[in-house]
Amino acid sequence: MPSFTFATAGEIRFGRDTAARAVPDLAALHERILLVTGADSARADWLRRGLEAAGATLSGLPIPGEPTLAMIEAGVEQGRAAGVGVVVAIGGGAAIDAGKAIAALIPAFRPVTDHLEVVGKDLPLDRPPLPCAAIPTTAGTGAEVTRNAVIAVPEHRRKVSLRDARILPRIAIVDPALTDGCPRDVTLASGLDAITQVIEPYLCTRANPMTDALCRAAIPVGLTSLATLMTGPDATARDRMAWVSLCGGLALANAGLGVVHGLAGPLGGLSGAAHGAICGALLPHGLAANAAASCDPAVQTRIGEVRGWIAGALGGSDAQALSTLAGWSRGAGLPGLDALGISAGARDAAASAAAASSSMRANPVALDKGQLSEIMDRAR
């Protein structure tokens, strides 16, 4: 059996109503808290009231979209000025990534860009981060258990990561009830992102027995649960998708990703399109490209397993499973790359940029620019 390491949040709390029960423990982390929320900060009013009732002094920071470098820098300054000792982030992956980055950078001496990959110096943090607690309200990114934070740098038209093992939250609270009522289009895009994040680590070159166990269990559950949610509300399916999203975060943080995320990062930075929707559009075509290009029997076996899980959830034959997934996603309302506003120029630039992305390094087979372009053409 191969050697491996496995790192995650200091504590994971999963289940309905765990978020409300955790309020006293969050308030006990420090008397001054920076509360990072999504664009609609009112959705976190229950948490704000609870923390204040428990004696905490709060400074609030809404993140109106995917976090940009300017938002992170402003949050760092706000946190320093308020003397906060902990960051609590509640919302989708954007709010949680922002919270993790701000918690990491408040104590830092260097400029933010010194710690960013690609556009900066990619230097390790010079001081330990503040404690961070993460509470997701969507089932998609698994950011509550990952050791990086994705930040958009508009002047470079890129999304890049701040990476450090110490970025992992002190507490990750996954309460599926917080995803109830999530809009259908958000459920679809975030759900396909979560599914991608258990499929790609299963196929990647750095898979290990721990991540394999998570992914094998989560892939079929994610596919069937998302299909159920596309037909109407279902609390059990919401619970299962929250678990799949958590598994995806655990798996990608401890194994890796692949071509779908290798392309999705540059495409998102170049276009501003939603990350989950890009991943969903690319997924069947990225899998098909890997299947066509790989000569490794082990990779083919695993892709065959994925085909079987897709067919089991969505119907049809194993042989046609990838086209079935593509057709089902479009039929459920997922836009293609054209409808997401991703131009031919952006696709060409992404095909060039993907080679340098960290996600591509773990893809099970090397793909050239022509193959990457074909994936995106098929996802239009």
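The values are calculated or read from the model by the stated rules, or taken from the named source; none is laboratory data. Since the structure is predicted, the reported quantities are computational estimates derived from the model, not experimental observations. Backbone-built Cβ (ideal geometry, glycine too); neighbour counts: all protein chains shown. All accessible areas refer to the heavy atoms of the entire protein, side chains included, with ligands and DNA or RNA removed. Shrake-Rupley method; radii C 1.70, N 1.55, O 1.52, S 1.80 Å.
About its Cα centre, what dipole magnitude does the chain give when the only charges are +1 on Lys and Arg Cβ and -1 on Asp and Glu Cβ, stated in debye to the nearest 20? Each step should come with its number before you reach the end.
Details: 32 positive and 34 negative charges, 43 e Å.
Its charge dipole is roughly 200 debye.
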So which lysines can Lys159 reach, going by Cα to Cα under 17 Å and dropping same-chain residues fewer than 8 places off? Lys100, Lys121
DSSP loop (so not H, G, I, E, B), at most 16 other Cβ within 10 Å: list which chymotrypsin sites (Phe, Trp or Tyr not before Pro) in segment 1-73 pass both filters. Phe4, Phe6
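How large a share of the accessible area of the chain, in percent, is made up of carbon and sulfur atoms when the probe is 1.4 Å and the other protein chains stay in place?
The nonpolar share, carbon plus sulfur, comes to 54 percent.
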Specify the inter-centroid distance of segment 205-253 and segment 63-99, based on alpha-carbon positions, in whole Å. 27 Å
Kindly express, to the nearest 10 degrees and within the range 0 to 90, the angle between helix 235-254's C-alpha long axis and the longest C-alpha principal axis of the chain. 90 degrees
What are the residues whose amide H is under 5 Å from the amide H of Thr57, where those residues sit 5 or more places off or on another chain and H is modelled from the backbone? Arg32, Ile33
The Cα radius of gyration of segment 148-296, divided by 2.2 N^0.38 Å with N its residue count, comes to 1.05
For the chain, longest principal axis from Cα atoms; helix 93-105 axis from its Cα atoms; angle between them, nearest 10 degrees, is 50 degrees
Which residues does a label at Thr224 reach in segment 163-203, if reach means a backbone N under 19 Å from a point 7 Å past the Cα toward the Cβ? 191-192, 194-196, 198-199
Once the piece of chain linking Thr231 and Leu123 is laid out straight, how much longer is it, given 0.36 nm per residue of separation minus the C-alpha distance between them? 34.2 nm
Roughly what angle does helix 275-293 make with the longest principal axis of the chain, taking Cα atoms, 0 to 90 degrees, to the nearest 10? 40 degrees
Which cross-chain or sequence-distant (5 or more) residues have an amide H under 5 Å from the amide H of Leu116, H modelled 1.01 Å from N in plane? Lys121, Asp122, Leu123
Rounded accessible area per residue of the chain, 1.4 Å, Å²: 38 Å²
Using only C-alpha atoms and all pairs of different ones, pull out the Kirkwood radius for the chain in Å with one decimal. 20.6 Å
For a protection proxy built on the mean count of beta-carbon atoms within 10 angstrom, sort 362-373, 124-135 highest first, please. 124-135, 362-373
